[in-house]
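The values are calculated or read from the model by the stated rules, or taken from the named source; none is laboratory data. It should be emphasised that the depicted structure is a prediction, and the values quoted were computed from it without experimental measurement. So basically every Cβ, Gly included, is an ideal-geometry build from the backbone, and we count neighbours across all protein chains shown.
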Amino acid sequence: MKKTFALLMLAAMLLSTGCGNQAQDAAKEAQQKVEETADAAKDKAAEVKDDATKKVDEMKSDAAAKVDEMKSDATAKADDAAAKVDEMKSDAVDKVNTMANDVADAMAMEGRTIALNGVTPGATLEDVQAMFGEATSTEGDVMTFVNGLKVKFDNATKKVKEISTTDNAFETPEGIYVGADEYLLNEYCGPADAVRKIADGAEYEYAGGDKKSAVVYKSQNGVITEITCSLK
């Protein structure tokens, strides 16, 4: 009986030891599975992160490309607008030049009118007074009118022999006035009939269509400083 009991106890101990080993193995296997699951989750998270990063980079790249495209379009439109403005300016300059040439051609064909604000050499004192009022001063045969306009009369005929100004209030039929640029003479009056060199400039003479009068533009340092209309 004692022998049998001992054998049973030994068997129970052996059985208990075997179960403990199985439990340990099961625990290790469970831990391994947890670690594998964790690693898989980490890998999946890293993959998701990489995909998100790629998508963000693609979105940034697309946005940058669209911005560059918009800039390019805006630049092209600005260039087109600038080109149109330049074209309009060029057309305007061409039209002005054409008009100036037409005026010069017409005057060359019909004859040049010599005058300052409508007063011509050969006009009477009454004509001058009707245009500019009474003289502000008189010195010999020269009368001074408004804005310093000088009018010289012929003592015999009592008509205007010469009219001159150094003030920009008066202009010739071509639109030339004191203070205008010298180069405008050629544009609006054409080539001068005579050119005389003076200190710091020149005098440009243009004959009238009546062959009896002329206008002289005095220019110094590139600017008209005096205009004189007179009988020859």
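Only one entry of N147, N101 meets the criterion of being assigned to a helix (DSSP H, G or I), modelled with pLDDT of 95 or more and surrounded by 10 or more Cβ atoms within 10 Å (Cβ to Cβ), and that entry is N147. Screening K212 on (1) more than 16 Å from I114 (Cα to Cα); (2) modelled with pLDDT under 95 shows it passes everything except condition (1).
Let's see how each residue does on (1) over 39 Å from the mean Cα position of the chain (by Cα); (2) of a type outside the set (F, W, Y):
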position	(1), (2)
A180	no, yes
Y183	no, no
G190	no, yes
E205	no, yes
G208	yes, yes
K212	yes, yes
Q220	no, yes
T225	no, yes
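Got a sec? Which of D167, D141 is charged (D, E, K, R) and over 39 Å from the mean Cα position of the chain (by Cα)?
Values: D167 fails: over 39 Å from the mean Cα position of the chain (by Cα).
Being charged (D, E, K, R) and over 39 Å from the mean Cα position of the chain (by Cα) holds for just one of D167, D141, which is D141.
Scan segment 151-171 for residues that are in a strand (DSSP E or B) and either of a type in the set (A, V, I, L, M, F, W, C) or over 23 Å from C189 (Cα atoms) (or both) and jot them down.
Selection gives V151, K152, F153, K159, V160, I163.
Could you please find all residues in segment 174-220 being outside any strand (DSSP E or B) and in contact with a helix residue (DSSP H, G or I) (Cβ under 8 Å, 6 or more places away or on another chain)? Residues satisfying the conditions are E174, G175, I176, E187, Y188, C189, G190, A192, G209.
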